[in-house]
1. Could you tell me whether Arg646 is more than 16 Å from ligand 2 (Cβ to nearest atom), surrounded by 22 or more Cβ atoms within 10 Å (Cβ to Cβ) and either at pLDDT 95 or above or more than 17 Å from Gly102 (Cα to Cα) (or both)?
2. Among Ala162, Ala153, which is the only one that is surrounded by fewer than 20 Cβ atoms within 10 Å (Cβ to Cβ), in contact (Cβ under 8 Å) with a residue 24 or more places away in the chain and outside any helix (DSSP H, G or I)?
3. So which of Ser540, Ser570, Ser592 ends up being more than 15 Å from ligand 3 (Cβ to nearest atom) and closer than 24 Å to Arg202 by Cα?
4. May I ask you to verify whether Gly596 is under 24 Å from Arg373 (Cβ atoms) and either modelled with pLDDT of 95 or more or not charged (D, E, K, R) (or both)?
5. I'd like to know if segment 224-234 contains one or more residues that are acidic (Asp, Glu) and farther than 29 Å from Gly601 by Cα.
6. Does Phe612 satisfy being within 15 Å of ligand 3 (Cβ to nearest atom) and not in a loop (DSSP other than H, G, I, E, B)?
7. Would you check which residues across segment 363-378 are within 16 Å of ligand 3 (Cβ to nearest atom) and either out of contact with any helix residue (DSSP H, G or I) (no Cβ under 9 Å at 6 or more places or on another chain) or hydroxyl-bearing (Ser, Thr, Tyr) (or both) and list them?
8. So Gly259 fits all but one of (1) away from ligand 3 (no atom under 16 Å from the Cβ); (2) under 18 Å from the mean Cα position of the chain (by Cα); (3) not aromatic (Phe, Trp, Tyr); what number is the exception?
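The values are calculated or read from the model by the stated rules, or taken from the named source; none is laboratory data. As the structure is a prediction and not an experimental result, all values here were calculated from the model. FYI the Cβ positions are ideal-geometry reconstructions off the backbone, even for glycines, and counts take in every protein chain you see.
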Amino acid sequence: MIKLEPDAQEFHQAPRGNRSPATCHWKCGDACAQPVPNPSDNAYVRDVIEEALTRRSFLAASAAGLFVLSGFSALARAQASGNIGFKAIGLSTEDRLLLAQGYSANVVIRWGDPIARGARRFDLANWSARDQEAAFGYNCDYISYLPLPYGSANQNRALLWANHEYTNPELMFPGYSAGKPTKEQVDVELAAHGGSVVEVVRAADGSVEYLPVSQFNRRITALTPMELTGPAAGHPWLQTKADPTGRRVLGMLNNCAGGTTPWGTVLSAEENFNQYFAGNDGVSNETLKKIHARYGLPAKESGRRWEAFYDRFDLTKEPNEPFRHGWIVEIDPYDPTFTPKKRTALGRFKHEGAEISLAADGRVVAYMGDDERFEYMYKFVSKGRFNPADRKANLDLLDEGTLYVARLNPDGTGEWLPLVFGNGPLTAANGFASQAEVLINTRGAADLLGATKMDRPEDLERNPVTGLVYAVMTNNSRRTAAQVDRANPRPDNKDGHILEIMEEGNDAGATRFRWTLFLVCGDPKDPSTFFAGFDKTKVSPVATPDNITFDRAGNMWIATDGMDGSNLKSNDGIFAVPTQGPERGYVRQFMSAPRGAEVCGPIFTADGRTLFAGIQHPGEGGTLEKPLSLWPDGVGTARPSVVAIRKDDGGVIGT
Ligand code: FEO
Ligand code: CA
Ligand code: CA
């Protein structure tokens, strides 16, 4: 039985919408129960909307009273998506993975499955850190599928990458006592974080299996040596007793979504890293303390209590260690000896992902969300250009370039504002002595530039068919009626929404864009919802969108996180929606996950015949003794897993 200490009981009573308290505690360190860490007085778009409304005649108010532009007329010329061929399923609260008729799924790999020669079989009652280091980690999130050999188009043999975002110790350890973990338990947790590379094969029927032994199989954990690279590497704020160089760091924390580069590396995004650290009240340097507070670092003890065993998580002993987390990490899955690199040029915040596109001139663009209420949307544009003929020349492209943050104007225009030392207010007089400091304190720099506060930006991803960028806001129940604006149009936004962005000239390298609302999620009967103007009597209810991907026709596939806490109060799932053509906005539910799980990392194989998804934290909200889910095996405990979904007739998914 999970035992809650008094303070833990307290957090279970703190306001958090309707989500499972366990989700809030372990996933994001009770972010909802904490004060919003963005105290900047950046104008909410609302502040200027009245003026804009009187000035601009092209703003169209939807029937719902939301301010919605009619979409980008230029896109009428773009290739039409649509022709989705499956019949929608309904919302579910069953402890089963449900799929549209005509589709099947198999579990590719689950938490604890061995991935190294001689690794022990998973044993819930007797599981050590050593066992965990040789096995698939916990809470799989971002997924990448990289053909073998490198550079081939082979879709039947590949490397599968999965992030391991966080751990649910109450579902991992019999007798776990919240607030009083043992060192052995903490060591298993450290080893269950990070990511995995496993070799997989796809069979003739479309099912996918992993190879327990392969030269490529690898675990990366919260202890794996990594390199800090780019403009902030070596800065005094990155130096610790264990690493006086400020260039070597152990492990990555809370890696949520990510991206895959055209040169076959994976980008893994450190998200809610703040929750692993303790004791900001005891930091004597006021500058550091203020930056840590801006990133939501705990004033006193952490929820996980790792600081009881490791000084690096105790700010009173190592006040700089958090500066070494919150980065985008680049990993080469084709090279099992590769030292992962934290790319400081891409900024430091609660990175959701880093989806890659190319500018018209070949520069590499990473779109990124800072997933917290009232945080910002970013993109990075490399200085150098992608060279398809020379993989090695691309490997350090992400060390030099410009980081931008988004400002959205109420007239449907927007700008990418460069986070460059010396530009505008980013000077020593305002606390920024160098580009390194701009990058380490990205949030503080973005505050000064007047970026737009959003409703928890998750995936930002470019539709490879149309070039439009979609920005997913998962929810924000803290937004008040006074803070509503055109880009975040709902108070108490429990259901989330998705923006559509067109870069100027449809060029990912542009610094200006136009934007509109694509979906305002929820129950279609709720008048505040909007489905790109599509007939609301036909669409599937959808809420809390998190990660998206696109099929070969340019349809968007949405994975959700937290529908149990939304107004829909159901399990999470996968939903498909055309972005163009007559069915633009016609959301259809494709899959429903087992109880307590979110769905992560949806990604198609290049041939569109397999869809991978991460079933993360099944059973969250229950305990080992009183399980909410026993998916996928029906015994012991629920186990986070990667699934491979296929069409029974072997065809392209969605057709
Ligand atoms: Fe880990 Fe923003 O989801
Ligand atoms: Ca996510
Ligand atoms: Ca994505």
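1. Here the answer is yes, as Arg646 does meet what is asked.
2. Ala153
3. Ser592
4. Taking the combined requirement at face value, the residue satisfies it.
5. First pass over segment 224-234, keeping only residues acidic (Asp, Glu): 227.
Retained after the next criterion (residues that are farther than 29 Å from Gly601 by Cα): none.
No; the residues of segment 224-234 include none that is acidic (Asp, Glu) and farther than 29 Å from Gly601 by Cα.
6. yes
7. Across segment 363-378, the qualifying residues are Val365, Tyr367, Gly369, Met377, Tyr378.
8. Checking Gly259 against (1) away from ligand 3 (no atom under 16 Å from the Cβ); (2) under 18 Å from the mean Cα position of the chain (by Cα); (3) not aromatic (Phe, Trp, Tyr), the one that fails is (1).
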